[in-house]
Amino acid sequence: MIKKILKILLAIILVLILIVGGYIIYLQVNYYRIEDNFELTIENNPTIEIDTANSYEIMTYNTGFGAYSQEYSFFMDKGVTNGKATKGKYSRAISKDDVIKNTNGQIETLSEYDPDFILLQEVDKKSTRSYKYNMVESFQNSFSNYGSIYASNFHSVYLPYPIPPHGSVESGIVTMSKYKANSSIRRQLPITSSFVSKFFDLDRCFSITRYQAGAKELVIINIHMSAYDEGGVYRTLQVNMLNEVLKEEATKGNYVIVGGDYNHDIANSKEAFPTKQDIPEIMTLTNENLISGYHFADAKNNAPTLRSADIPYEEGTNFLCVVDGFIVSDNIVIEQITNIDTKFLYSDHNPVLLKFSLS
């Protein structure tokens, strides 16, 4: 009897080893990183060119893969609320209808301001977590007079955790414009290469899109930096790489705007908003972290751009911060910068609007 039980246990162990081993092989076979300086496709490229005598508006908005309604919390996020440990609930959006509702709400918000340029992050194309809803296509259809550029920054095979599983992901950053783009490339950001983490980490990147602006170029960079990076090792490397690109553009005298989600406090804002949560260890970015000739265009204006996602949104409870905004070269004139308070109805981020001109 004991021998029979031992044989059954051994068989179960062998089956588990085969399953785990097979999955690791599956991950390794399907693992890849996109090459650096990858040329991006410009879809529906307009013919209108930049006039340096005009003012322009640009918005950045992290769409949160259409999942983050006010009721949503994310399984990877942890915090402390009213002295008690809290952890997010969902690994995917609450429902496909919720994804569609949130995406439409984001589109309505952007349409209300009708900016010349739109920078989006965490836009799903075909992902389990957003029920295969093509958000990229939805934005393109809604802004049919804009050129559109997609750069993948999260592509993974089926991830079987937690329950229900996060699944497979194809997601990226999207740059949209009413003006003719000359070119656009995808730059690969430094990310972990450790054996386990590399399979589950985003393929972080930023895109560089060039527009003719008189004798110079307007260079618009769409960026989404790392969030889950203990100790900030890779975030430091990412800032260093960005600075190298900014230095190169400065030597050319180009106009440069970097917009997106930095996953850093960029406005000395982590204690600026009321909260019932402990303030997390969030890294900061200031002008001192940038090379000479560049500075942050950020705005508190009593509106944060990020809420904590370990709990659903409740006004006055969640930790709030400013992590979204713009870096501009000194030859960009900032006419207005506004964090748009959407009450986090459609995302865990609020959009940011920058009105600028070229000096």
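The values are calculated or read from the model by the stated rules, or taken from the named source; none is laboratory data. All values derive from a computational prediction rather than experimental measurement. So basically every Cβ, Gly included, is an ideal-geometry build from the backbone, and we count neighbours across all protein chains shown.
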| message | Here is a list: Ser148, Ser144, Ser138, Ser171. Which entry is part of a strand (DSSP E or B) and more than 16 Å from the chain's Cα centre (by Cα)? | response | Ser148
| What is the number of the single condition among (1) more than 21 Å from Met176 (Cα to Cα); (2) surrounded by 21 or more Cβ atoms within 10 Å (Cβ to Cβ) that Pro280 does not meet? | (2)
| request: Tell me which residues, restricted to the range 54-77, are surrounded by fewer than 17 Cβ atoms within 10 Å (Cβ to Cβ) and at pLDDT below 95. | output: Met76
| query | Is it true that Pro280 is over 23 Å from Asp98 (Cα atoms) and in a loop (DSSP other than H, G, I, E, B)? | reply | yes
| message | Of the residues Ser292, Ser357, Ser347, only one is crowded, with 19+ Cβ neighbours inside 10 Å, small (Gly, Ala, Ser) and at pLDDT 95 or above; which? | response | Ser347
| query | Among the residues of the range 335-347, which ones are under 16 Å from Gly325 (Cβ atoms) and in contact (Cβ under 8 Å) with a residue 24 or more places away in the chain? | reply | Glu335, Ile337, Thr338, Asn339, Ile340, Asp341, Thr342, Ser347
| field | Whichever residue in the range 302-334 is without any contact (Cβ under 8 Å) to a residue 40 or more places away in the chain and of a type outside the set (Asp, Glu) and, among such residues, is surrounded by the fewest Cβ atoms within 10 Å (Cβ to Cβ) | value | Asn302
| Which one of the conditions (1) at pLDDT below 95; (2) more than 20 Å from the chain's Cα centre (by Cα); (3) not in a helix (DSSP H, G or I) does Ile25 fail to meet, given that it meets all the rest? | (3)
| task | Note down all Cβ pairs under 6 Å where the first residue falls in the range 233-245 and is farther than 15 Å from Gly293 by Cα and in the same structural domain as Tyr262 (by TED's automatic domain parsing), the second is surrounded by 14 or more Cβ atoms within 10 Å (Cβ to Cβ) and acidic (Asp, Glu), and they're at least six residues apart or on different chains. | result | Arg235/Asp229
